[in-house]
Amino acid sequence: MLDRLEQQPPDALLALIKLYEADARPDKIDLGVGVYRTRDGDTPVFASIKAAEQLLVDTQDTKAYLGPEGDMSFVHALMPHIFGKDATHHGRIDGMQTPGGTGAVRLAAALAKRAGITRVLMGTPSWPNHAQIFADLGLELVAFNHATEDGAADLQALEAALQDAGEGDAVLLHGCCHNPTGVDYTPEQWDAIVALLANSPVLPIVDLAYQGLGRGMDEDAEGTRKLLAAVPEALVGYSCDKNFGLYRDRVGALYVQARDAQGLGPILSNGAALARAAWSMPPDHGAAAVRLVLRDSALTEQWLAEVAEMRQRIRQVRAALAERGTAGAIDLAPLAEQNGMFAMLKVSKEQVQQLREEHGIYMAGSGRINIAGLTMNNLPKFVAALADVTA
Ligand code: PLP
């Protein structure tokens, strides 16, 4: 039976990591893989997390099973940071821990399917795993254009998609720091989206994977909060893997907003049943460390300062790129207005290959770059190479 399975292509970005590692050029630049890097090119463990991990080693007295919902103290400790002061919306929001933001999106989609959703509307390009998850679950993807030519979010395309949608449809929205374009909805556009969804049967699914890396912790959650204040039901997938630097520890949560407090139990019981059948329970360590950070005010302050430093560095690189104006045929000015670690450059596959082979600059074939791979030292080389291949 098993030899019927056909060879699948490797994940393009993971293959790029291998190529980068094999490149002997000392001034090579990695703009491919989606992890944050300091100005020295490192992806360190946060100091707040290190302190929490030490506490965990010193005080954790059991590793007995928790349950499919994971560490609920972790799930609840995050809520004020995501949803603001009235973090449960009068008891209408609760959640469960998931293996990373990927697990959260997967569980959101599976739960939506169980509830009768058959199609998911989504702006493209998007994080490639979104489409893979929907396809794997047998959900139909209805794609619309995410960003316009001039680098703004394409609200009209979303409006048109929603006009043709109805019962049985969900819409996936990136809460902030859109991956791969960096193009977020403006506060005014969020207002329009909220108005559209408030009176629509379409179920909103928000993917919030980069809170704090865009404009600020509250600012990055503003669209999500406004949306939840207006719609009866919604699902929110959350990742702690970027804003706590926990990538491989797989830390995330799925939050559910129900029509009323009584409605939450049945929904979450389905989430727990789906989780039990998929991964039984989420990995504990990273979420326990996050819980300890969030239950200690000094560690929370330290963590927020660490996130602020990441954000400021990303904004600094964006500003420095935008200041250059252009690099050959590429307009760099819009980069300053966009958010988060990613941006899309209008380069062809051939130009991406040329950048890699001739200049040792590695980026996704789509033209997506990780802004955090740039520093004030390697930025001039990057801009010159971009000018060279696009001139
Ligand atoms: N959602 C988006 C938009 C992402 O870009 C990512 C990671 O790249 C995720 C979810 C998943 O993150 P995690 O590593 O927590 O699974």
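Computed values, structure above
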| read-out | value |
| --- | --- |
| Distance from region 95-139 to region 328-391 (C-alpha centre basis), Å | 30 |
| Label-to-label distance, nm, for residues given as residue 215 and residue 376 (7 Å Cα→Cβ offset) | 2.7 |
| Simple Cβ-charge dipole of the chain, Lys/Arg +1 and Asp/Glu -1, about Cα centre, in debye nearest 20 | 440 |
| Alpha-carbon radius of gyration plus Dmax, which is the widest Cα pair, for region 247-391 in Å | 21.4, 61 |
| Equivalent ellipsoid dimensions for the chain as semi-axes, Å, which come from the Cα gyration tensor, largest first | 33, 26, 21 |
| Per-residue SASA entry for residue 359, accessible area with 1.4 Å probe, Å² rounded to 10 | 40 |
| Surface accessible to a 1.4 Å probe, residue 267 within the full protein complex, Å² | 50 |
| Square roots of 5 times each gyration tensor eigenvalue, C-alpha, region 65-295, largest first, Å | 25, 19, 17 |
| Sum of -39500 (n - 2.57) over DSSP H runs of 4+, divided by residues of the chain (222 nm, nearest 500) | -14000 deg cm²/dmol |
| Long-range Cα-Cα pairs in region 159-203 (distance over 12 Å), rounded percent | 65 |
| 17 Å tail of the calculated P(r), region 47-150, as % of Cα pairs | 69 |
| Residue of 110, 64, 287 that the Gaussian network model of the chain assigns the largest fluctuation, springs spanning Cα pairs under 10 Å | 64 |
| Cα-based helix-to-principal-axis angle, 47-59 vs the chain, degrees rounded to 10 | 40 |
| Protein-only accessible surface order, largest first, of 73, 126 at 1.4 Å | 73, 126 |
| Between helix 187-198 and the chain: long-axis angle, C-alpha atoms, 0 to 90°, nearest 10 | 40 |
| Segment residue 58-residue 248, extension gain: residue separation times 0.36 nm, minus the distance between their alpha carbons | 66.2 nm |
| Antiparallel DSSP beta bridges within region 65-295, as percent of all bridges there, nearest 5 | 40 |
| Fraction of antiparallel bridges per DSSP, the chain only, in percent to nearest 5 | 50 |
| Gaussian network model of the chain, springs between alpha carbon atoms under 10 Å - residue of 275, 51, 24 with greatest fluctuation | 24 |
| Probe 1.4 Å, accessible area per residue of region 272-382, Å² | 42 |
| Accessible area of region 65-295 belonging to carbon and sulfur atoms, whole % at 1.4 Å probe | 52 |
| log₁₀ of I(q)/I(0) at q = 0.20 Å⁻¹ - region 99-234, Debye sum with one point per alpha carbon | -1.30 |
| Rg and Dmax [Cα atoms of region 202-278; Å; Rg one decimal, Dmax integer] | 13.8, 38 |
| Listed residues 238, 247 arranged by accessible area, highest first, probe 1.4 Å | 247, 238 |
| Candidate residues 225, 318: accessible-area rank, largest first, probe 1.4 Å | 225, 318 |
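The values are calculated or read from the model by the stated rules, or taken from the named source; none is laboratory data. As the structure is a computational prediction, the values presented were derived from the model and not from experiment. Please note: Cβ atoms are built from the backbone with ideal geometry, for glycine as well, and neighbour counts cover all protein chains shown. These area figures cover heavy atoms from the full protein model, side chains too; ligands, DNA and RNA do not enter into them. Shrake-Rupley method; radii C 1.70, N 1.55, O 1.52, S 1.80 Å.
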